[in-house]
Amino acid sequence: MSIEHDAHASGRPAITEGGPSLPQERRLVTAIPGPRSQEMFARKRSAVPPGIGTTLPVFVTHAGGGVVVDADGNSLIDFGSGIAVTTVGNAAPRVVERVRRQVGDFTHTCFMVTPYESYVEVCEKLNALTPGDHEKRSFLVNSGAEAVENAVKVARHATGRQAVVVFDHGYHGRTLLTMTLTAKNMPYKQGFGPYAPEVYRMPMAYPFRWPGGAENCAAEALAQVTDAIDKQIGAHNVAAIVIEPIQGEGGFIEPARGFLPGLLEYARANGIVFVADEVQTGFARTGHLFACEDEGLVPDIICTAKGIAGGLPLAAVTGRAELLDAVHVGGLGGTYGGNPLACEAALAVLETIEADGLVERARRIGDLMLPRLRALAERFDVVGDVRGRGAMTAIELVVPGSAEPDAAVTGEVARRCHAEGLLVLTAGTYGNVLRFLPPLSISDALVDEGLSILEKAISSV
C-alpha cells in the first residue's frame, strides 16, 4: 500500500499495483495472543535469552499498509512501525522490487573491498537532502547506535577533544559508548558498567516537567546547560553535543522551542560539533523529511537509521565535508556497512517518500491524531500531556491531580489496547508514556479506529 498524491485530500490511501494485498482492517479471530503464537512464544523462551524482551507476544506472518497479521490470523492495527522503521509501510512495493532484483545480482562484496554504485548513490542523496547547503560527506553503517558512535569518533578526531555532552532522557543505543550516552539505567545500563569516560549529562528542556514552567523552559534550560559546560567541563574540551531533535525512547519529548537553536549557536561559537541524532525522527516521520527542519537547524553531523531502508538494517552518518574528510583512510567502515540489499531498499524508500507525498501524509496523520489525543486530555485527568509532530505523537500518563508518573496505568492501557488488536508502544524515563508511530501507509479509517480503541482503554482503566 502506498499513498498517491490524488488520494491525500480524501485521506483514503490508494492500493498501488504490486503492493500488499492484505485487507486493511482490524480482525480478531482468537484472543491475543492466540494459541499458535503462544506455542511459538514457548519455543522462544527455550531458545532465546529473556534479556530479549517482547512488547506483544504475537508472531507475525504478514504486514503491510497499516496492519500486522499474526500466526493465528488476527489482523492488528499497527501504531508502532517496528519502532519507526517501516515508515513507508511494511513490504513497500518499491522496496520489495529493488531488493528482489539486487538479491539476484549479488548480496555482498564489502564496500571497502570492491565498491558498488548503490552505496555511493545513497550517500549522494543524503548529502543533498539533509539540512544545509554546505559540502557534505556520508558513510553507511548497520544501526543507529553504530551511527552515533561513529559521529562521536569523527567529532573527536576532527577537534582533538574528548568530552561529549548529552542530555537527560536521551537514548542513543546499546553499545558501550552509546549505552553511556543513554540516560535511562533500567533496562539499558543496569549491570553493564563500567561505562565510557568523558561523557557529561545535562538537563533537558522538557516543558511538561520543567520546574520554572513551560514558558520559561527554553531560556532557563539553555542557561543551565551552557553554564554547566563552561564551569564543569570547559567548552574548549568538548568535542560534540549529541541530542535528539525529539527524544524517542525518553518519551517523545519535544525540547522547548528556542532551546535547540540556542544550543547550536553556543556550539558554533565554541568550536563544538553539533550532532543531531535523527535515528527515530528522520525520513518524513515528523512531517518534515528531518525533524531539524522544524526550527531551521543545520547540524554539523546528522545520524540516521530506522526508517532509512524500509526494514533492512542500514544507518548513516552525514556531516560537513571538512569533519568527515579529516579521518584517515581505514578509520571508518565495517564489513556489513552499506550492504547492497539495504542500499537498494534505501533508494526505494527515498523514491517512495517523494512519489507518494509521505511528508505531507505524516502531517495529515498528525492532524488526525493530535486533536483526538488532546480531547482525551480534556476528558481524562490521567492524561497529563499530549505532544509530538506528524506521525510521531505521544501521551504522558500521570496520577490525576499531579505530575507524578503512573507507569502501572500506562502498562494496563497498553495491555488493553493489545487485547483489542491495537499495537502500541510504551516509552519514557518513568515508563509512563504511550507513543504512537503508525506507518505512513495507514488509512485514515485505521487511525480513527485505533484512537477509539485507545479511548476505550483509558476509559476502562
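Side notes on the structure shown:
- Using the alpha-carbon positions of segment 96-355, Rg (one decimal) and Dmax (whole number) come out as 18.2, 60 Å.
- Pairwise Cα inverse-distance average, inverted: Kirkwood Rh of segment 243-318 (Å): 12.8 Å
- Arg27-Glu351 FRET efficiency (beta carbon distance; Förster radius 30 Å; 0.05 resolution): 0.45
- The spread of Cα positions in segment 320-461, taken along each principal axis and listed from longest to shortest, comes to 58, 34, 27 Å.
- Extension gain from Arg268 to Val120, taking 0.36 nm per residue of separation minus the Cα-Cα distance: 50.3 nm
- Cross-link partners of Lys136 among aspartates and glutamates, defined as those whose alpha carbon lies under 13 angstrom from its own and excluding same-chain residues fewer than eight positions apart: Glu124, Asp300, Glu322, Asp325.
- Which listed pairs, of Lys231/Lys306; Lys153/Lys306; Lys153/Lys189, have C-alpha distances above 31 Å, in listed order: Lys231/Lys306
- Percentage relative contact order, segment 96-355, counting C-alpha pairs under 8 Å, at least six apart: 30 percent
- Candidates per trypsin sites (Lys or Arg not before Pro) in segment 221-313, loop by DSSP, up to 15 other Cβ within 10 Å: Arg257
- Label zone at Ser459 (point 7 Å along Cα-to-Cβ), backbone N below 20 Å, segment 387-421: 395-398, 400, 409-421
- Taking the chain and dividing mean pair separation by its residue count, relative contact order in percent (alpha carbons under 8 Å, at least six apart): 23 percent
- Computed label-point distance, nm, for sites Glu295 and Asp444 using a 7 Å Cα→Cβ extension: 3.3 nm
- Computed log₁₀ I(q)/I(0) - Debye formula, equal Cα scatterers, no solvent, segment 258-361, q 0.11, 0.12, 0.16 Å⁻¹: -0.41, -0.48, -0.82
- Along the chain, longest interval not containing exposed chymotrypsin sites (Phe, Trp or Tyr not before Pro), exposed being DSSP loop plus at most 13 other Cβ atoms within 10 Å: 196-461
- Evaluated at q = 0.06 Å⁻¹: base-10 log I(q)/I(0), Debye formula over Cα of the chain: -0.25
- Low-density loop cleavage sites - GluC sites (Glu not before Pro) in segment 66-154, where at most 15 other Cβ are within 10 Å (DSSP): Glu135
- Values of log10 I(q)/I(0), in the order q = 0.14, 0.22, 0.23 Å⁻¹, for segment 143-221 under a Debye, Cα-only, solvent-free model: -0.54, -0.99, -1.03
- Where the alpha-carbon atoms of segment 202-285 are placed on the principal axes, they occupy 34, 32, 18 Å, in descending order.
- Kyte-Doolittle mean at least -0.5, axial Cα span of 30 Å or more - DSSP H helices of the chain: 358-379
- Kirkwood radius for segment 65-187, taken over all pairs of different Cα atoms as the inverse mean of 1/r, rounds to 18.3 Å.
All of the numbers you see were taken from the coordinates with simple rules; none came from a lab. Nothing here was measured: the structure is a model prediction, and the numbers come from that model. Virtual Cβ from ideal backbone geometry, glycine too; neighbours counted across all protein chains shown.
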